[in-house]
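J.: Sending over a structure as structure tokens; questions will come in a sec.
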Amino acid sequence: MALTSRPRGTNDVIPGEIELWLELEEKIRNVCHAYGYTEIRTPMFEHTELFQRGIGDTTDIVEKEMYTFVDRGERSLTLRPEGTAPLVRAYIENNLGSGSLPVKLFYYGPMFRYERPQAGRYRQFTQFGVEALGSADPLLDVEAIALPIELYRSCGLSGFEVQLNSIGCPECRPAYREKLIEYFTPHIDSLCKSCQSRLHRNPLRLLDCKVEGCQRIIQDAPAITEFLCSDCSTHFEQVRIHLDDLNIAYKLNPRLVRGFDYYTRTVFEVVSSELGSQNAIGAGGRYDGLIEEVGGKPTPAVGYAVGVDRLLLALKSQDKLQVALKGPNLYLAHFGGDTKRKAAQIAHALRGMGLWIELDYADRSVKAQMKAANRLASQYVLVIGDEELASNEAIVRNMTDGQEQSVRLDELEQLSKILGACAK
Ligand code: HAM
């Protein structure tokens with residue numbers, strides 16, 4: 001292992017790219033503000049049991065993908081593989097449901113899954129998620145879809161599709177479970193090892209299997225929609241009516257079950273035509289039983305998480321989200337004698353006014369400093385030599401239109417005003 005290579009499945013976000021991330025983060029905050037979602041920040045790791053209970057023992061994430069470790073106090077902890085279970089834990093622990101409902105929260109940050117890395121699939125990745133807790137209103141299911149779509153739209157993304165399904169509730173699901181076991185049992189020898197072991201423990205998980213041999217069998221499996229109880233059917237119908245009202249196009253996908261046990265009723269996934277096999281740019285659903293499962297009062301809830309890395313990949317492939325890189329407000333060139341000290345004092349004062357000021361740290365020639373100013377795309381340049389120092393006056397040059405003005409070096413108000421006009 002070379003010390004200079006990062007761990008497999010992780011990424012550095014370097015200057016030149018970070019600007020895109022920040023731009024996207026700003027759009028995320030704007031759209032959350034419009035929908036009334038407030039930010040919450042939870043720890044990067046939680047007790048392992050939270051995920052085992054919350055996500056489900058028989059899911060891929062819990063069986064194969066968690067970064068679990070024992071700390072020095074002999075506690076089993078896990079780097080969060082997703083944000084919903086931690087948010088629910090925080091909702092209960094901080095008694096966030098004591099006021100008016102629903103409580104609408106969002107989070108943004110790194111998640112960790114031990115997956116086989118490939119384009120768009122990483123071991124550390126960033127999710128932005130929204131969760132509305134405390135209401136079963138189908139309109140909230142629709143807002144959990146509308147909000148990220150508004151984000152995608154505000155980024156200029158096109159070519160994505162919403163896939164929608166309802167996976168029922170503890171009332172109607174057992175009959176479907178039985179039907180699935182009945183359907184898959186004659187095919188047991190053709191199923192992959194993991195499907196074989198899950199058939200009786202959690203047959204719904206089989207519908208989520210990506211193994212080609214299993215996929216062929218899954219195609220003809222019975223669809224859950226035929227087994228929904230009347231409450232779930234009505235709820236699903238309301239979701240579709242609201243989606244139609246908001247002109248949000250979707251495709252019904254009766255095989256969509258999602259890789260978590262906490263889901264009830266509505267589930268959805270948004271896929272982008274720009275990405276290869278890892279084409280889901282976000283997904284979510286309703287989880288009316290999770291809060292109780294984790295130790296809270298029975299509370300319905302629904303949410304969605306955007307895969308930020310994948311969204312950026314999709315945007316890049318469509319040439320969207322190009323950020324014009326801004327240069328400094330001023331490059332202070334100095335040459336000889338005490339000019340560097342004066343330049344440092346001026347820079348210090350102007351930076352204190354919030355302006356971006358660059359200067360030379362290597363006592364280079366004026367020519368080299370002018371080159372540096374150009375390379376940084378500085379908006380103005382000011383050169384201080386012995387003469388300027390003696391007269392307390394220098395020329396500030398606008399690098400875009402070449403216009404020059406004389407400014408006093410002992411009265412920085414005038415200079416800050418000139419620079420302020422181009423400051424953000
Ligand atoms: P998820 O489908 O596991 O759902 O993840 C949501 C999104 O995160 C995916 O659609 C994908 O864009 C991104 N993602 C997942 N794994 C990776 C990875 N290894 N590398 C890069 N991106 C990835 C959840 O996590 C649920 N908590 C969503 C939710 C919120 N359900 C209700 N509320």
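The values are calculated or read from the model by the stated rules, or taken from the named source; none is laboratory data. For clarity, every value in this text was computed on a predicted model and none was experimentally measured. Please note: Cβ atoms are built from the backbone with ideal geometry, for glycine as well, and neighbour counts cover all protein chains shown. SASA here: full protein model, heavy atoms, side chains in, ligands and nucleic acids out. Shrake-Rupley method; radii C 1.70, N 1.55, O 1.52, S 1.80 Å.
J.: So what's the back-of-envelope 222 nm ellipticity for the chain, counting only DSSP H runs of four-plus at -39500 (n - 2.57) apiece and dividing by all residues, rounded to 500? Before the final figure, lay out the partial values.
T.: On the way: 14 runs with 147 residues, N = 424.
Result for the chain, helices only: -10500 deg cm²/dmol.
J.: Ranked from the most accessible area to the least, with a 1.4 Å probe and all protein chains present, what is the order of E404, E388, E393?
T.: E404, E393, E388
J.: Just the number, please: percent antiparallel of the DSSP beta bridges in segment 330-418, rounded to the nearest 5.
T.: In segment 330-418, approximately 50 percent of DSSP beta bridges are antiparallel ones.
J.: Let me ask something else about it. Please give, to one decimal in nm, the separation of the simple spin-label points placed at R408 and D231, each 7 Å out from Cα toward the Cβ.
T.: 7.8
J.: Tell me, what is the FRET efficiency for M353 and N392 to the nearest 0.05, using R0 = 30 angstrom and their Cβ-Cβ distance as r?
T.: Between M353 and N392 the formula returns 0.95.
J.: Hey, another quick one. At what distance in nm do the modelled label points of I241 and E293 sit from each other, each positioned 7 Å from its Cα along Cα→Cβ?
T.: Between I241 and E293, the label points sit 2.9 nm apart.
J.: Taking Cα pairs under 8 Å and at least six residues apart, what relative contact order does the chain come out at, in percent?
T.: Relative contact order comes out at 15 percent.
J.: Taking the Cα centre of segment 330-418 as origin, work out the dipole magnitude from +1 charges on Lys and Arg Cβ and -1 charges on Asp and Glu Cβ, in debye rounded to 20.
T.: Value, rounded to 20: 380 debye.
J.: Let me cross-check S272: its accessible surface, 1.4 Å probe, with only protein heavy atoms counted, in Å² to the nearest 10?
T.: So the heavy atoms of S272 present about 10 Å² to solvent.
J.: Would you please classify the overall shape of segment 293-360 from the alpha carbon gyration tensor, given that a ≥ b ≥ c denote the square roots of the eigenvalues, rounded means a/c under 1.5, and beyond that prolate means a/b larger than b/c while oblate covers the rest?
T.: Since a/c reaches 1.5 but b/c is at least a/b, the shape of segment 293-360 is classed as oblate.
J.: Using the Cα atoms of segment 363-406 to build a convex hull, what is its mean projected area in square nanometres?
T.: Working: hull surface 13.1 nm².
Answer in nm², one decimal: 3.3.
J.: When the Cα centres of segment 168-223 and segment 371-424 are compared, how far apart do they sit, in Å?
T.: After rounding, the separation between the Cα centres reads 71 Å.
J.: OK, next. Under 5 Å between amide hydrogens, which residues at least 5 positions from M399 or on another chain qualify, with H placed 1.01 Å from N in the peptide plane?
T.: For M399, whose amide H was placed from the backbone, the distant partners under 5 Å are Y380, V381.
J.: Oh, and also: Hey, can you find the accessible area per residue of the chain for me, probe 1.4 Å, expressed in square angstrom?
T.: 50
J.: Pairs of Cα atoms under 8 Å, at least six residues apart: use those to get the relative contact order of segment 330-418, whole percent.
T.: This gives 31 percent for segment 330-418.
J.: If amide H atoms are built 1.01 Å from N in the plane of the peptide, which residues on other chains or at least 5 residues away come under 5 Å of the amide H of T299?
T.: Sorted by chain and number, the residues that satisfy this are I291, E292.
J.: Suppose we keep just the alpha-carbon trace of segment 196-256; what are its Rg and Dmax in angstrom?
T.: Using the Cα atoms of segment 196-256, the pair Rg, Dmax is 14.7, 43 Å.
J.: Next up: Among H348, A146, I28, whose Cα projects farthest towards the positive end of the dipole of the chain, with charges put on the beta-carbon of Lys, Arg (+1) and Asp, Glu (-1)?
T.: H348
J.: Keeping every protein chain in place, order V294, V31 by accessible area at 1.4 Å, biggest value first, i.e. largest first. Working shown, then result.
T.: Working: V294 40, V31 10 Å².
Final ranking, largest accessible area leading: V294, V31.
J.: Expressed as a whole number of Å, what is the distance separating the alpha-carbon centroids of segment 117-161 and segment 240-275?
T.: After rounding, the separation between the Cα centres reads 11 Å.
J.: Same structure again: Through the Karplus equation 6.51 cos²θ - 1.76 cosθ + 1.60, θ set to phi - 60°, convert the phi angles of segment 268-279 into ³J(HN,Hα) values in whole Hz; use x for Gly and Pro.
T.: 8, 8, 10, 10, 10, 6, 7, 9, x, 6, 8, 9
J.: Between segment 326-367 and segment 35-91, what is the separation of their alpha carbon centroids in Å?
T.: 48
J.: Could you sort R255, R397 by accessible area so the largest value comes first, with the probe set to 1.4 Å? Don't jump to the answer; show the numbers that get you there.
T.: On the way: R255 65, R397 95 Å².
Heavy-atom accessible area, descending, gives R397, R255.
J.: Report the full-extension gain for the segment E63 to T4: residue separation times 0.36 nm, less the Cα-Cα distance, to one decimal in nm.
T.: Computed gain between E63 and T4 is 18.1 nm.
J.: Mind checking which lysines have their Cα closer than 21 Å to the Cα of K27? Skip sequence neighbours fewer than 8 apart in that chain.
T.: K104, K316, K320, K326, K424
J.: Assuming R0 = 22 Å, what is the FRET efficiency of N95 and D137, from their Cβ-Cβ distance, to the nearest 0.05? Don't skip to the answer; put the middle values down first.
T.: Details: r = 22 Å, r/R0 = 1.01.
Using R0 = 22 Å, I get an efficiency of 0.50.
J.: Answer with one residue from A372, I418, L389: the one whose Cα lies farthest towards the positive end of the charge dipole of segment 330-418, charges on Cβ with Lys, Arg +1 and Asp, Glu -1.
T.: In segment 330-418, that residue is A372.
J.: Further, regarding this structure: What FRET efficiency comes out for the pair R375/A223, r = Cβ-Cβ distance, R0 = 60 Å, nearest 0.05?
T.: 0.50
J.: Right, something else. Which three lengths, in whole Å and largest first, does the chain cover when its Cα atoms are put on their principal axes?
T.: Principal extents (largest minus smallest coordinate, Cα): 93, 52, 44 Å.
J.: Please list, in order along segment 60-70, the HN-Hα scalar couplings obtained from phi with the Karplus expression 6.51 cos²θ - 1.76 cosθ + 1.60 (θ = phi - 60°), rounded to whole Hz, x for Gly and Pro.
T.: 4, 4, 6, 6, 10, 10, 8, 8, 10, 9, 9
J.: Further, regarding this structure: Once the other residues with Cβ under 13 Å from the Cβ of I395 are scored (Lys, Arg +1; Asp, Glu -1), what is the net sum?
T.: The answer is -2.
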